[in-house]
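Trainee: Questions regarding the structure given below will be posed in turn.
Since every read-out is calculated from the coordinates, none of them should be taken as a lab result. Keep in mind that this is a model prediction, so the values were computed, not measured. FYI the Cβ positions are ideal-geometry reconstructions off the backbone, even for glycines, and counts take in every protein chain you see.
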Amino acid sequence: MMLQHPGQVSASEEELRFAIQNKHLCHRMSSALESVTVSSRPLEMSVTKAQVAPEEDERKKRRRERNKIAAAKCRNKKKEKTECLQKPLRRLQVPKTCTQAVDSGKG
């Protein structure tokens, strides 16, 4: 067991205190929510499309454009890598097909 200075609270005591306070708070909130009435009309959106700031719209356009460029670069890189891996494979397959033709002609 750790020694504590007078007035100092251990971590477990702090956690218990926090848990108890949280439970009390949740209980108070649930009892307060019971007295709240909800209207029958549907909730409206807080921000309509017309209210969106033009700066934000412009920022979204720029982000989409950057994403489009990044996606194209990624596709091109992938294509190049695939081609680089397939070149040696093609070189190895050509002699293999030649030797198969020679072997089948001997039979």
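Trainee: For the pair residue 64/residue 83, report the inter-label distance in nm, with labels modelled 7 Å from Cα in the Cβ direction.
Mentor: Taking the two extended label points, one gets 3.0 nm.
Trainee: Expressed in nm², what is the orientationally averaged projection area of the convex hull enclosing the Cα positions of the stretch 55-97? It would help to have the intermediate numbers written out before the result.
Mentor: Values: hull surface 11.9 nm².
Averaged projected hull area, Cα only: 3.0 nm².
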